[in-house]
Amino acid sequence: MSHPSPVWSVKKFKKVLRAFGGRSRKTLGTSRIHLVDLPQQANEKAVARALSKRKEVKFAEPDFLFPPTEFISNDEFYSQ
C-alpha cells in the first residue's frame, strides 16, 4: 500500500511504480491510498522502503495476508 501526497499527480505516481515493475491495482475508497501489485520476484519490503524515502509519498508499507492459524481467538465458542 502506498499513499502519495496531493502534490503528486496519479500519472506521476504510476510512472514511479513502473520503475519498480509495479502498478496501482486500485485506490481505497475516496482516499489516495493505492494497493500496488509488484512482480513476483520483487522484494516488497525494499520497494516500500524506497517509496517511503520519497518526499512525495506519505507512507508505503507491505500489505501482508496472515493465515488464520497465526492468531488465537479468545472466544470460547469460536470452534463451534
Open item on the list: How high is the relative contact order of region 2-64? Use alpha-carbon pairs under 8 Å, at least six apart in sequence, and give a whole percent.
Closed with: 39
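Go ahead and run the numbers for FRET between L38 and I72, Cβ-Cβ distance against an R0 of 35 Å, rounding to 0.05.
Numbers: r = 31 Å, r/R0 = 0.88.
Efficiency, rounded to the nearest 0.05: 0.70.
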Open item on the list: Cut-off under 16 Å on the C-alpha distance; same-chain residues fewer than 8 positions from K11 excluded. Which lysines are left, in chain and number order?
Closed with: K26
Open item on the list: Can you compute 3J(HN,Hα) from phi for each residue in region 30-36, using the Karplus curve 6.51 cos²θ - 1.76 cosθ + 1.60 with θ = phi - 60°, rounded to whole Hz and x for Gly and Pro?
Closed with: 9, 7, 9, 7, 9, 8, 10
Task: Calculated FRET value between K12 and L65, using beta carbons and R₀ = 22 Å, to 0.05 - done: 0.15
Open item on the list: Please list 3J(HN,Hα) in residue order for region 21-28, calculated via the Karplus relation 6.51 cos²θ - 1.76 cosθ + 1.60 where θ = phi - 60°; whole Hz, with x for glycine and proline.
Closed with: x, x, 8, 7, 6, 6, 9, 8
Open item on the list: How are the alpha carbon pair distances in region 2-64 distributed across 5 Å bins from zero to the largest one, expressed in percent?
Closed with: 4, 19, 34, 29, 12, 2, 0
Open item on the list: Check which residues have an amide H placed less than 5 Å from V57's amide H, if you skip close sequence neighbours.
Closed with: S5
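The numbers here are math on the coordinates, done by the rules we state, and not lab data. Predicted, not measured: the structure shown is a model, and the values here were computed from it. Here Cβ is always computed from backbone atoms with ideal geometry, including for glycine, and neighbour counts include all displayed protein chains.
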